[in-house]
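**Student:** Questions regarding the structure given below will be posed in turn.
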Amino acid sequence: MPSDFLSNLYVFILAGFVGFELIKRVSPLLHTPLMSLTNALDAIVVIAAIIIAGQHETKLSTILGLIAIAASFSNMVGGFLITDRMLRMFKTGKQPKKS
Amino acid sequence: MNPIATQQLIDSAYIVATVFFILSIKWLSSPASARRGVLVGEIAAALAVGATLANPELTQYKWIVITLIIGAAIGIPLGMVQMTAVPQRTALSHAFGALSASMIGIAEYYVGVPHVTRFGMGEIGLEVIIGSLTFTGSVIAAGKLQEILPQRPIVYKGQNIVSLSVLGAALLLAIALVINPANTVLFPIMVVVSLLFGILLVTPIGGADMPTVISLLNSYAGFSAALLGFVLNSKVLVVAGALDGSSGFILSVIMCKAMNRSFTNVMFGAFGQVQTAAKGTEEARTVRSASAEEAAGILAAASKVAIVPGYGMAVAQAQHKVRELYDALTKRGVDVRFGIHPVAGRMPGHMNVLLAEADIPYDRLIEMDDMNSDLPQTDVALIIGANDVTNPAARSDTSSPIYGMPILDVDKARTVMVIKRSMNPGFAGIDNPLYYFDKTLMLFGDAKGFVGDIVRELAGSNSH
């Protein structure tokens with residue numbers, strides 16, 4: 001078993017716990033924005049796609065990498081955009097309306 | 001700068017990005033700080049992407065920049081969709097995320113072969129299987145939500161056996177590849193079989209189960225990204241994937257609990273298909289119906305009103321009319337609150353977003369348990385486009401397919417009013433005894449039109 005695997009597993013387990021504790025606290029009011037935000041964060045795979053495409057090892061790997069860049073970057077841009085749009089809509093009754 | 005120093009700088013940027021990701025989710029916990037959460041998320045993403053572009057291993061930039069622009073050009077319109085289209089947009093974004101993860105996994109395999117280790121092959125195999133099935137599964141889910149594909153469950157005999165055999169085949173191929181990673185013939189077959197499994201997995205699932213399915217696909221998409229982090233030895237991917245995966249997982253558990261069902265039941269139960277004709281409908285049960293004028297009179301005389309919205313409100317795009325009703329009643333001093341069932345709509349939190357879009361203050365949107373303790377003191381419960389989540393059979397009728405599911409106890413209110421197109425049973429085909437109670441008034445009509453009529457009646461009676 002490569003040592004990288006164990007250190008990654010270590011990080012994965014800790015991050016999983018942190019995620020679990022944080023997400024449990026998110027109000028059900030915000031479950032839709034939660035999903036679109038985590039989706040945008042998950043789109044960080046774009047960095048792996050950039051490296052695969054940019055290293056230009058084979059034609060196939062470059063093309064697959066480029067498809068991955070387009071797919072994940074669209075998630076990143078769209079995910080942050082829609083999350084912010086949704087959150088702007090959540091207003092309390094008391095405060096004067098501003099937009 | 002020497003390459004080692006550059007690499008350390010890039011890695012430091014990734015560490016900062018990882019911390020910001022965690023803060024981003026932490027701040028999302030309440031509406032007051034949530035937008036700050038989005039901002040740090042954006043900074044983190046920009047930082048990580050910027051650092052990656054500075055990587056000296058990159059030999060060409062032209063196509064990277066072009067595809068980034070293409071990605072943004074796809075992403076911006078998808079970020080601007082209407083709130084009613086958010087469930088299908090979300091399913092589509094899970095598809096994109098999974099597509100991206102499996103493309104990278106496939107590329108890693110072909111770049112590495114024939115030097116892929118057995119252990120590495122196991123990681124890649126698992127990653128590509130999950131990524132591929134999530135891709136096709138999410139595309140099918142998006143198609144159902146967009147109503148390009150039928151929302152009802154599509155089932156055939158022996159379906160679960162077929163689906164599970166396909167999954168088994170994908171896993172066997174992965175094992176064969178672990179034994180001999182250089183077998184480049186088996187790899188594409190494994191990919192195709194996984195894609196097929198995704199289709200088989202989601203096609204039989206009905207529209208009403210979409211909140212769970214979307215959450216589960218979210219979880220898979222996250223875990224495939226985390227696995228990719230293992231493959232590439234990238235901690236920032238492991239963390240982002242673990243956060244996304246656990247978020248989807250928690251949401252799936254919440255959705256399942258809100259329907260009193262297990263994962264297996266949602267995935268393999270084809271809800272809403274079997275029991276349609278199960279119970280012989282007792283004929284000639286009478287219902288009381290009322291006009292918009294009568295409904296307006298009852299609402300105006302109430303001091304406490306609970307509105308329970310469901311998917312029907314989204315379909316009819318009635319949320320803005322509901323807002324007018326809320327305004328008209330609030331102006332008369334009526335206390336109006338909204339009871340939100342966790343699985344109302346097509347994805348977690350769907351109703352909250354629609355009502356927030358219509359400018360209803362979020363402190364009026366009440367979770368199921370809090371609403372239930374308040375319903376016995378409520379004068380009128382007005383149900384708009386919701387059905388199963390208000391069905392009292394879930395509490396009392398052990399033979400009901402939804403028995404045990406937590407519901408909004410609208411029948412405890414003094415008067416119940418239900419806006420519904422006709423007496424046809426709802427999506428899941430389960431009869432709702434609520435409609436036959438003496439205290440229940442059926443308001444037959446389109447949700448948007450009927451709420452509009454009530455608002456007009458309230459405005460009219462105001463003037464004299």
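**Student:** Looking only at the range B:128-162, count every residue that is in a helix (DSSP H, G or I), modelled with pLDDT of 90 or more and of a type in the set (S, T, N, Q) and tell me the total.
**Tutor:** 4
**Student:** Being small (Gly, Ala, Ser) and at the interface with another protein chain (Cβ under 8 Å from one of its Cβ atoms) is the filter here; which residues of the range B:92-101 pass it?
**Tutor:** B:93, B:97, B:100, B:101
**Student:** Do we have any residue at all in the range B:253-272 that's buried (at least 24 other Cβ atoms within 10 Å of the Cβ), part of a helix (DSSP H, G or I), within 14 Å of chain A (Cβ to nearest Cβ) and at pLDDT below 95?
**Tutor:** Yes - at least one qualifying residue is present in the range B:253-272.
**Student:** Just to be sure, is residue B:110 aromatic (Phe, Trp, Tyr) and more than 7 Å from chain A (Cβ to nearest Cβ)?
**Tutor:** Criteria not met by residue B:110.
**Student:** Right, here's the next one. Across the range B:39-91, what is the total count of residues that are within 8 Å of chain A (Cβ to nearest Cβ) and not in a helix (DSSP H, G or I)?
**Tutor:** Within the range B:39-91, residues that are within 8 Å of chain A (Cβ to nearest Cβ) and not in a helix (DSSP H, G or I) number 8.
**Student:** Sort through B:101, B:107, B:174 and tell me the only one that's in a helix (DSSP H, G or I), over 23 Å from residue A:57 (Cα atoms) and among the small types (Gly, Ala, Ser).
**Tutor:** Checking each option against the conditions leaves just B:174.
**Student:** For the range B:14-21, check the following and say yes or no: at least one residue is within 30 Å of residue B:203 (Cα to Cα), facing chain A (nearest Cβ under 8 Å) and of a type outside the set (D, E, K, R).
**Tutor:** no
**Student:** Still on this structure: Which residues, taken from the range B:22-38, are more than 30 Å from residue B:56 (Cα to Cα), more than 9 Å from chain A (Cβ to nearest Cβ) and part of a helix (DSSP H, G or I)?
**Tutor:** Within the range B:22-38, B:27, B:36 meet the criteria.
**Student:** Would you be able to tell me the number of residues in the range B:376-421 that are of a type in the set (A, V, I, L, M, F, W, C), outside any loop (DSSP other than H, G, I, E, B) and over 20 Å from residue B:296 (Cα atoms)?
**Tutor:** 3
**Student:** Check whether at least one residue in the range B:180-187 is among the aliphatic types (A, V, I, L, M), under 28 Å from residue A:19 (Cβ atoms) and either touching a helix residue (DSSP H, G or I) at 6+ places or on another chain (Cβ under 7 Å) or at pLDDT 95 or above (or both), and report yes or no.
**Tutor:** Within the range B:180-187 (the criterion being among the aliphatic types (A, V, I, L, M), under 28 Å from residue A:19 (Cβ atoms) and either touching a helix residue (DSSP H, G or I) at 6+ places or on another chain (Cβ under 7 Å) or at pLDDT 95 or above (or both)), the answer is no, since none of the residues qualifies.
**Student:** What do you reckon, is residue A:77 surrounded by 19 or more Cβ atoms within 10 Å (Cβ to Cβ) and either touching a residue at least 40 places away in the same chain (Cβ under 8 Å) or not in a helix (DSSP H, G or I) (or both)?
**Tutor:** no
**Student:** With respect to residue B:371, determine if the residue is within 22 Å of residue B:434 (Cα to Cα) and within 14 Å of chain A (Cβ to nearest Cβ). If you could, list the steps in order and put the result at the bottom.
**Tutor:** Working: within 22 Å of residue B:434 (Cα to Cα): yes; within 14 Å of chain A (Cβ to nearest Cβ): yes.
For residue B:371, the condition - within 22 Å of residue B:434 (Cα to Cα) and within 14 Å of chain A (Cβ to nearest Cβ) - is met.
**Student:** Something else: Of all residues in the range B:443-457, count the ones that are in contact with a Ser or Thr (Cβ under 8 Å, 6 or more places away or on another chain) and either under 10 Å from residue B:295 (Cβ atoms) or among the polar types (S, T, N, Q) (or both).
**Tutor:** Quick first cut of the range B:443-457, residues in contact with a Ser or Thr (Cβ under 8 Å, 6 or more places away or on another chain) only: B:443-444.
Imposing the further condition that a residue be either under 10 Å from residue B:295 (Cβ atoms) or among the polar types (S, T, N, Q) (or both) reduces the set to B:443.
The qualifying residues number 1.
**Student:** Just name the residue that is nearest to residue B:218 (Cα to Cα) out of those in the range B:64-88 that are surrounded by fewer than 17 Cβ atoms within 10 Å (Cβ to Cβ) and more than 27 Å from the chain's Cα centre (by Cα).
**Tutor:** B:69
**Student:** State whether one or more residues within the range B:136-144 are more than 26 Å from residue A:86 (Cα to Cα) and touching a residue at least 60 places away in the same chain (Cβ under 8 Å). Walk me through how you get there before you give the answer.
**Tutor:** Of the residues in the range B:136-144, the ones more than 26 Å from residue A:86 (Cα to Cα) are B:136.
With touching a residue at least 60 places away in the same chain (Cβ under 8 Å) added as a condition, the list becomes B:136.
Yes - at least one qualifying residue is present in the range B:136-144.
**Student:** Within the range B:237-252, take every residue that is facing chain A (nearest Cβ under 7 Å), of a type outside the set (Ser, Thr, Tyr) and within 20 Å of residue A:8 (Cα to Cα) and give me the one that is surrounded by the most Cβ atoms within 10 Å (Cβ to Cβ).
**Tutor:** If we filter the range B:237-252 for residues that are facing chain A (nearest Cβ under 7 Å), which is where we start, we get B:237-244, B:246-247, B:250-251.
Those still in the list that are of a type outside the set (Ser, Thr, Tyr) too: B:237-244, B:250-251.
With within 20 Å of residue A:8 (Cα to Cα) added as a condition, the list becomes B:237-244.
Working: B:237: 29, B:238: 28, B:239: 29, B:240: 32, B:241: 32, B:242: 25, B:243: 29, B:244: 34.
Top of the filtered list is B:244.
**Student:** Scan the range B:330-344 and give yes if some residue there is free of Cβ contacts under 8 Å to residues at least 24 places away in the same chain, outside any helix (DSSP H, G or I), touching a Pro at 6+ places or on another chain (Cβ under 7 Å) and crowded, with 24+ Cβ neighbours inside 10 Å, otherwise no.
**Tutor:** Scanning the range B:330-344, I find no residue that is free of Cβ contacts under 8 Å to residues at least 24 places away in the same chain, outside any helix (DSSP H, G or I), touching a Pro at 6+ places or on another chain (Cβ under 7 Å) and crowded, with 24+ Cβ neighbours inside 10 Å, so the answer is no.
**Student:** Next question, about the same structure. Checking the conditions here, which among B:305, B:322 is crowded, with 22+ Cβ neighbours inside 10 Å, under 24 Å from the mean Cα position of the chain (by Cα), farther than 20 Å from residue A:31 by Cα and at pLDDT 95 or above?
**Tutor:** Matching residue, one of B:305, B:322: B:322.
**Student:** Oh, and also: Could you check, for the range B:127-148, whether at least one of its residues is more than 24 Å from residue B:225 (Cβ to Cβ), touching a Leu at 6+ places or on another chain (Cβ under 9 Å), of a type in the set (A, V, I, L, M, F, W, C) and surrounded by fewer than 24 Cβ atoms within 10 Å (Cβ to Cβ)?
**Tutor:** Within the range B:127-148, not a single residue is more than 24 Å from residue B:225 (Cβ to Cβ), touching a Leu at 6+ places or on another chain (Cβ under 9 Å), of a type in the set (A, V, I, L, M, F, W, C) and surrounded by fewer than 24 Cβ atoms within 10 Å (Cβ to Cβ).
**Student:** Could you say which residue among A:13, A:67, A:50 is more than 7 Å from every other protein chain (Cβ to nearest Cβ) and at pLDDT 95 or above?
**Tutor:** Sole residue among the options that is more than 7 Å from every other protein chain (Cβ to nearest Cβ) and at pLDDT 95 or above: A:13.
**Student:** Would you point out the residue of the range B:198-207, among those that are part of a helix (DSSP H, G or I) and surrounded by fewer than 24 Cβ atoms within 10 Å (Cβ to Cβ), that is farthest from the other protein chains (Cβ to nearest Cβ)?
**Tutor:** Looking at residues that are part of a helix (DSSP H, G or I) and surrounded by fewer than 24 Cβ atoms within 10 Å (Cβ to Cβ), I get B:200.
The values are calculated or read from the model by the stated rules, or taken from the named source; none is laboratory data. The shown structure was predicted, so the numbers you read here are calculated from the model rather than taken from an experiment. Note that we place each Cβ from the backbone using ideal geometry, even for glycine, and neighbour counts take in every protein chain shown.
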